[in-house]
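None of the figures in this text is laboratory data; all of them are computed from the coordinates on show. A quick note: this is a predicted structure, and the numbers were derived from the prediction, not measured. FYI the Cβ positions are ideal-geometry reconstructions off the backbone, even for glycines, and counts take in every protein chain you see.
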2 protein chains.
Amino acid sequence: MAAQGVSRRERVRQTTLAEIRAAARRLLIEQGPQAVTINAVAREMGMSGPALYHYFSGHEELVGAVTADFFRELIQVLESARDAYPRGEHGPRLMAACRAMRRWAIANPAEYRWVFASPITADRQPGSARELAGSDFEQVFLEEVTELWESRPFPVPAPEELDPSIREQLAAYAASAGVGLPVEAIHVFLSCWIRLDGLLCMEMLNQLDFFYSDLEPVFEDCLREIAPKLGLDYVATPAGPSEGT
Amino acid sequence: MAAQGVSRRERVRQTTLAEIRAAARRLLIEQGPQAVTINAVAREMGMSGPALYHYFSGHEELVGAVTADFFRELIQVLESARDAYPRGEHGPRLMAACRAMRRWAIANPAEYRWVFASPITADRQPGSARELAGSDFEQVFLEEVTELWESRPFPVPAPEELDPSIREQLAAYAASAGVGLPVEAIHVFLSCWIRLDGLLCMEMLNQLDFFYSDLEPVFEDCLREIAPKLGLDYVATPAGPSEGT
DNA sequence: TAGATTTGCTTAGAGTCATTAAGGAAACAT
DNA sequence: ATGTTTCCTTAATGACTCTAAGCAAATCTA
């Protein structure tokens, strides 16, 4: 029922790996990022420090694994929020994903900061787990916007209105990432994305505490401004999903 | 010529303090934030570690002092960019300050991240040097916008269009910070601020590397969108300042 | 100007980290 | 039953923060 092709050893190993990442997360939440040390994690699970080196090549790899976990979790949260609405309803699906992102950030501030406002500049090499998970994450929104565009194109600036340098950079990105969207549409999408995520970023970095105590209405305001740019209707209270898949 | 009421000792002490902060900054730039340790800073100036405890109560206070330095420097940069234009020209003055902020961030990425994307969650207590410098920093923009508003009010949403919760929060902020601007105007200002700084924030956290290699035109695009919200004309190439003070 | 005090530094040391090395014991494979 | 792999331990190195104890020079005081 459990063992298929994987040996018992392998299963135990995976369990331990998961336990390690869980302990690291607990430390992150309870005592902050600087508390996530090899020693502390090991102690947390009744092991001695060097034992962890059988599971991770070092501190950095542990950090990378935990980060990848968070990305996966966030992607999953976004996808299920999105999939609460049927495939064709791109507006509600996008809005739901946006709101879910903020909800996750609010519920998991330490994790959000760990991932996005990473003190850890390392692990930025292309090909790292982090980089891969990061692009998967963008993909959730980009895919939906692509479908939206294909089913009902939103208004875009005229080609000559777009700064040539921006055009060039986006063309390069589209080519390398295989995005099936015209440059102008990517520009509109990214403008919206930057506004929304920039706001969330500032909120999570506590840069707005001085002015606001609750940014939820500000976030909604941002959604309201963004919606028409993608040709969508802003809906304040998301109506119950119309019985999706 | 130099010694006034301060003793020679005090002067030497201040010099040493400055040298310590400079060494810390050098380490930050050359080897990243994790290299800014008490020991490394001391070594950098030919001292032994514990000596620094005569100047700072510990690592955290050193970090705080360096942060405050950066804030002061940034404020100074903003002010002189602004003051390159005469007092009445609020548009050019604001734009200049915005561009100067990005220029400083680009020229001093480590410092910018140190200040704004601080891994260091500590030192957030109200009254800390950091908090004070932070509010001075906002003040540069807020003051200018206030003068702009008083000389030539920009369009604001009708009172009933503004979310009641936002209104309430901004009213509280205005009262506590002594802002002489109606709530609606604060809202417009903050919307602009959040867009601009959110973009810069994401840029500096490398969240946009995937899409763009050079964000300067994107930043300009943002300025172009923001300008009319404050009733200003967007000017791409800032004309030489008309011989300000 | 001599003596007391303050200040700036030193080294020593305790406790934390990351990481490597060496070895024991249990699980597994044959 | 034997050999191998795997998991974990302790020991040790060198970094870090920070406290303690103490020397020596600068400064103040009488």
- For q = 0.14, 0.21 Å⁻¹, what log10 I(q)/I(0) does segment A:1-56 give under the Debye formula with an equal point scatterer on each alpha carbon and no solvent? -0.42, -0.75
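I'd like to compare A:31-43, B:147-159, A:65-77: which one has the highest average count of other Cβ atoms within 10 Å, and what's the full order after that?
Taking the mean over residues of other Cβ atoms within 10 Å, the ranking is A:65-77, A:31-43, B:147-159.
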- Message: So, R0 is 25 Å and r is the distance between the beta-carbons of A:Arg152 and A:Leu132; what FRET efficiency does that work out to, to 0.05?
- Response: 0.20
- Item | Ascending list, in nanometres, of distances separating the A:Glu168 label from those of the other copies (7 Å, Cα toward Cβ) | 5.1
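For peptide B:186-198, what's the mean number of Cβ atoms from other chains within 10 Å of each residue's Cβ?
Across the residues of B:186-198, the mean count of other-chain Cβ atoms within 10 Å is 5.
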- Task: Could you work out, residue by residue across A:173-184, how many beta carbons of other chains sit within 10 Å of that residue's beta carbon, and then give the average as an integer?
- Result: 1
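Just the Kirkwood number for segment B:71-230, please: inverse of mean 1/r across all distinct Cα pairs, in Å, one decimal. Walk me through the numbers before you get to the answer.
Details: mean 1/r = 0.0594 Å⁻¹.
When all Cα pairs of segment B:71-230 are included, the Kirkwood radius is 16.8 Å.
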- Message: P(r) for the protein assembly as shown, please, calculated from all Cα pair distances in 20 Å bins and given in %.
- Response: 20, 52, 25, 3, 0
- Task: Work from the charge dipole of segment A:11-111 (Cβ charges, +1 for Lys and Arg, -1 for Asp and Glu, about the Cα centre) and give the residue of A:Ala110, A:Gln76, A:Leu52 farthest towards its positive end.
- Result: A:Gln76
- Query: Shielding of A:199-211 by partners, i.e. mean partner chain Cβ atoms within 10 Å per residue?
  - Reply: 6
- Give me the distance between the Cα centres of segment A:152-181 and segment A:1-66, rounded to whole Å. 43
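Assuming R0 = 41 Å, what is the FRET efficiency of B:Ser48 and A:His54, from their Cβ-Cβ distance, to the nearest 0.05? Present the calculation step by step, with values, prior to reporting the outcome.
Values: r = 38 Å, r/R0 = 0.93.
Once the sixth-power term is evaluated, E becomes 0.60.
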- Task: Compute the length gained on full extension between B:Ala18 and B:Arg72: take 0.36 nm times their separation in residues and subtract their Cα-Cα distance, giving the result in nm to one decimal.
- Result: 18.1 nm
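Per DSSP helix of 4 or more residues, -39500 (n - 2.57); summed, then divided by the residues of the protein assembly as shown. What does that give at 222 nm, rounded to the nearest 500? Don't jump to the answer; show the numbers that get you there.
On the way: 18 runs with 302 residues, N = 490.
About -20500 deg cm²/dmol.
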- Taking the Cα centre of the protein assembly as shown as origin, sum charge times position over the Cβ atoms of Lys and Arg (+1) and Asp and Glu (-1), and report the length of that vector in debye to the nearest 20. 1800
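Where in chain B are the DSSP H helices whose alpha-carbon span along the long axis reaches 18 Å or more and whose Kyte-Doolittle mean is at least 0.5? List each step's numbers first, then the result.
Working: long enough: B:8-31 (34 Å, -0.78); B:59-82 (35 Å, 0.18); B:90-107 (25 Å, -0.03); B:129-151 (33 Å, -0.31); B:164-177 (19 Å, 0.09); B:183-204 (30 Å, 1.17).
Membrane-span-like by this criterion, though nothing is claimed about a membrane: B:183-204.
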